[in-house]
2 protein chains.
Amino acid sequence: MLTELETLTQEMIPAVETEMRAVLHANGTQPDPFYGMLQYHMGWVDENLQPAQVNGGKRIRPLLCLLSCAATGGDWQQAVPAAAAIEILHNFSLIHYDIEDASPTRRGRKTVWQIWGIEQAINAGDAMFAISHLAIARLMERGVDPAIVVQAMRRFDETCVRLTQGQYADMDFETRDQVSVAEYLEMILGKTAVLISLSTELGARIAGADPETNTHYNQYGLKLGLAFQVIDDILGIWGDESRTGKSAATDIITKKKTLPVLHGLAQSPALQQLYTQADPDDAFVQQAITLLDAADSHEFARQQAVAYSNDAAYHLEAISPSGSAAKALHQLTHMLLSRDF
Amino acid sequence: MLTELETLTQEMIPAVETEMRAVLHANGTQPDPFYGMLQYHMGWVDENLQPAQVNGGKRIRPLLCLLSCAATGGDWQQAVPAAAAIEILHNFSLIHYDIEDASPTRRGRKTVWQIWGIEQAINAGDAMFAISHLAIARLMERGVDPAIVVQAMRRFDETCVRLTQGQYADMDFETRDQVSVAEYLEMILGKTAVLISLSTELGARIAGADPETNTHYNQYGLKLGLAFQVIDDILGIWGDESRTGKSAATDIITKKKTLPVLHGLAQSPALQQLYTQADPDDAFVQQAITLLDAADSHEFARQQAVAYSNDAAYHLEAISPSGSAAKALHQLTHMLLSRDF
């Protein structure tokens, strides 16, 4: 028997896909090259702009948005343009991050800049950003109160600014020797958590929820996003390769400044010394993990993740939503946060 | 005695600057580095983020927006957030174009990417793009009817998409051997004219003008933008260096595909042959101009510019605005289009 989450996912995700295809001009015919680059990134066409059906991402954000709307007693169909807009915005950010991080692949395929060059990829990201705004304006066509639409658009734009601040900080950290745990948490707030927070908040807003409920949904998404990111950080070092899909200790080899590492660097002069080494090798990885374990950095990060998870659960409890969407929201939360960390 | 244009410019531009400074967090204290990059681009601080007062551009678009509002009988103060948003949007596009075109300088200073690197400059442009949306939402605070605000935001976003389409085409043309005159005109429509068109249209919309008037303002701005660009193309080849500020025939040396060149290439096999030469020198420039003159390309472009200018005048006449703002609009139009081409 299907869970509530599985049943609702099967209804909701195709509705979001249809909406995203509409605003990205994906109507089944071969796209012009401008829209073709965007459709390629979404996983709908291959690099020759021929139809493809590949992994376009998990669509977690739209799902959270629509479930939050339904759990608040709203008609989730009305929130579909917001869910689509958030997913398109997320994908805009990925196109630009892939350039900024010089990433050659994403989801097993070449990144947009690898195929069409950096110049066109910058512009393709800008196009995706612009189109995400056209997407959210389509809330008007679903009969959402204009005052709520204006509010939703404003929260959308405030979130866009926060995203760029998070990305600013992330890139800035790469150039710095010292980054504090507090600075790091502020960075992932902007880069990861605010967009998940927007997803849940807009779902509630479009359902016409009261301000207190909107705030709980906002905070639920925010803590969920923070917990998710910290768990990712833990799995990037101590993760089981067969489950995470990336080789264990990837984040050590690349000397990525994630939460456990920043905690370890603050605690352990030996780790600081080690991290001055130019080309990390296997011995480096072994020694780093030993020092991180000695500094209790795994435990520190685990406690942070648990605290954020508890906060998320608290805000979800406070709303005490009912019905199948509420059950699905609990199931999704559990799925995202119960990874083995 | 000051002209109407001079008088109104002295009132309007400071109001737009104040509004732009508010949304870009420029409150007189030293900005944090995130906003600092944006304020640098606007000409408000130097590269050490110390106060500066340098050329930040001519602010033609905000002026057109506010004059169009006042000429339609509206209170131009209400349109200030739209004027600010359009200027910030324009500056977002410049930050990204400078990366895409690998331009080291703008307005006599280093470009953002030259100082902070390509990665941070991409993100700074994204931030500017996001902030332009926060700027236009501030129409709500000026008492503009919410229905007009939603419409204005939608037209703003549609224009953003058209801008990226124009830039797509411009970059695409650089990689192609053949570009038709029609394709070129479509490109400058997106890259230059639609934003000027948005400026005049939003001014009228915010004044609460009827749909026919809005359309005339839209078309007036569109034709003005097209005329302006074609005149720029002419001056890029036959311009008087002492007036244009760039050396004559710059666009020939760089083999830029502007309107006269595309006309010439379509007419003259000899010019096509010449343009296969790898490193243009002075002899190349001389010969190209001779061939362009033989193909009547200067005259062709001049006729296009005159036709667009006449169209712009027709739409301005059709609205027949009155008062000092209307006079200023005529003066500005004359100033932009009466350059010696």
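Annotation: amide H of residue B:106 within the under-5 Å range of B:111, sequence separation 5 or more or interchain, hydrogens built in the peptide plane. Have a look at B:45, B:238, B:249 and report the one farthest towards the positive end of the charge dipole of region B:4-337, computed about the Cα centre with Cβ charges (Lys/Arg +1, Asp/Glu -1). So the residue furthest toward the plus end is B:45. By the equivalent-ellipsoid construction on the alpha carbon gyration tensor, chain B comes out with semi-axes of 34, 26, 18 Å, ordered largest to smallest. For region A:192-306, a simple Cβ point-charge model (Lys and Arg +1, Asp and Glu -1, everything else neutral) yields a dipole of about 240 debye relative to the Cα centre. Here's the picture: charge each Lys and Arg Cβ at +1 and each Asp and Glu Cβ at -1 in region A:123-191, and of A:166, A:190, A:129 the one pushed furthest to the positive end of that dipole is A:129. Quick one: grab the alpha carbon gyration tensor of the protein assembly as shown, order the square roots of its eigenvalues as a ≥ b ≥ c, and give me rounded if a/c is under 1.5, else prolate or oblate depending on whether a/b is larger than b/c. It is prolate, given that a/c is not under 1.5 and a/b is the larger ratio. Simple point charges give the picture: +1 on the Cβ of Lys and Arg, -1 on the Cβ of Asp and Glu, and for region B:4-337 a dipole about the Cα centre of about 480 debye. Summing Cβ point charges (Lys, Arg +1; Asp, Glu -1) relative to the Cα centre of the protein assembly as shown gives a dipole of roughly 680 debye. Cβ-to-Cβ counts within 10 Å put A:24, B:274 in ascending order as B:274, A:24, the fewest first.
Counting other Cβ atoms within 10 Å of each Cβ, which trypsin sites (Lys or Arg not before Pro) in region B:1-87 have at most 13 and sit in a DSSP loop?
Working: sites: B:21, B:58, B:59; in loops: B:58, B:59.
Here the sparse-neighbourhood loop sites are B:58.
Taking a ≥ b ≥ c as the square roots of the eigenvalues of the alpha carbon gyration tensor, region B:199-286 is prolate, as a/c is not under 1.5 and a/b beats b/c. Which of the listed residues, A:277, A:143, A:312, is farthest toward the dipole's positive end in region A:4-337, when Lys, Arg count +1 and Asp, Glu count -1 at the beta-carbon? The one lying farthest along the dipole's positive direction is A:143. The alpha-carbon of residue A:256 sits under 14 angstrom from the alpha-carbons of these aspartates and glutamates, leaving out residues fewer than 8 places away in its chain: A:101, A:170, A:172, A:174, A:177, A:232, A:233, A:279. Mean sequence separation of contacting Cα pairs (under 8 Å, at least six apart), scaled by the length of region A:116-262, corresponds to a relative contact order of 19 percent. In the protein assembly as shown, helices alone account for a calculated mean residue ellipticity at 222 nm of -23500 deg cm²/dmol, with every DSSP H run of four or more residues adding -39,500 (n - 2.57). Taking a ≥ b ≥ c as the square roots of the eigenvalues of the alpha-carbon gyration tensor, region B:93-196 is classed oblate because a/c is 1.5 or more while a/b is no larger than b/c.
Scanning chain A for DSSP H helices at least 15 Å long along the axis (C-alpha atoms) with a Kyte-Doolittle mean no lower than 1.6 picks out A:60-71.
Within the straight-line cut-off of under 29 Å between alpha carbons, the lysines reachable from residue A:255 are A:58, A:110, A:191, A:223, A:246, sequence neighbours fewer than 8 places apart in one chain being disregarded. Backbone N atoms of region A:96-135 closer than 11 Å to the 7 Å Cα→Cβ label point of residue A:278 are not found in any residue.
Each value in this text was obtained by applying a stated rule to the coordinates, not by laboratory testing. No experiment lies behind these values; they were computed from the predicted model shown. Cβ: placed from backbone, ideal geometry, glycine included. Neighbour counts: every protein chain shown.
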